[in-house]
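Q: First the structure, then my questions, so here it is.
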């Protein structure tokens with residue numbers, strides 16, 4: 001693809017929106033990844049570049065929640081370790097899949113991820129009682145599973161984590177968002193490292209997008225969690241459907 005100033009500007013705007021929305025309601029990757037695909041990047045380069053810009057926003061967002069003590073620090077170490085391990089495995093797995101079948105997988109995962117983001121408003125936290133061992137096992141399983149998904153693909157990982165933390169542990173939505181940021185940061189770092197080593201990050205796009213993502217993430221983290229959720233769902237739905245149509249057209253047209 002030809003990287004023009006206009007392309008960089010548009011992708012940076014998408015990254016700002018992704019960081020902002022991700023801090024408020026999750027699902028920011030459903031804006032930035034489709035934007036990269038629409039710009040003409042093949043799936044592996046799009047996913048790698050998306051991680052290259054998203055990891056910086058994830059750091060800024062997690063740091064904000066940590067400073068505000070809006071997460072459970074006693075769960076942070078295990079959640080981070082499990083998310084990092086899962087992210088490494090997922091990224092390595094994604095790199096083994098040829099581009100052609102990966103387009104179909106991306107289409108399916110985009111639709112499923114959008115459904116999670118759109119349905120998140122119906123989640124009601126329910127208090128749970130676990131033994132310490134059971135709670136740690138549940139956290140490790142969630143971290144590994146969602147870390148793998150994030151390393152393999154990524155969009156809506158934060159929203160899925162919020163759903164799981166609210167329904168499994170009974171976290172409030174604010175608390176669940178903070179705890180989700182720890183796992184999400186770990187899996188982002190793991191995938192980012194893997195993609196950098198394998199050369200699937202286009203830095204001339206990732207770096208300006210990263211700067212925009214950090215600004216958006218910092219601004220979004222300062223707002224009340226859930227504010228603007230209706231706008232998030234609408235934007236996500238339109239963007240995802242548009243990209244699925246484009247990928248479907250490319251798939252039908254063939255190589």
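Q: In a Debye calculation with equal point scatterers on the alpha-carbon sites of the range 30-119 and no solvent, what is log10 I(q)/I(0) at q = 0.21, 0.25 Å⁻¹?
A: Here log10 of I(q) over I(0) equals -1.21, -1.33.
Q: For the range 180-214 and the range 61-79, what is the separation of their Cα centres, given in Å?
A: Measuring centre to centre over Cα atoms gives 20 Å.
Q: I've got another one for you. Using all alpha carbons of the range 54-106, what is the percent of pairwise distances in each 5 Å bin, ordered from the shortest bin to the longest?
A: 4, 15, 16, 20, 15, 12, 9, 7, 2
Q: For 217, 61, what ranking results if the residue with the fewest other Cβ atoms within 10 Å of its Cβ goes first?
A: Numbers: 217 31, 61 28.
Taking fewest neighbouring Cβ atoms as first place, the list is 61, 217.
Rule-based calculations on the coordinates, nothing more; no lab input. Fair warning: this is a prediction, and the values are worked out from it, not measured in the lab. Backbone-built Cβ (ideal geometry, glycine too); neighbour counts: all protein chains shown.
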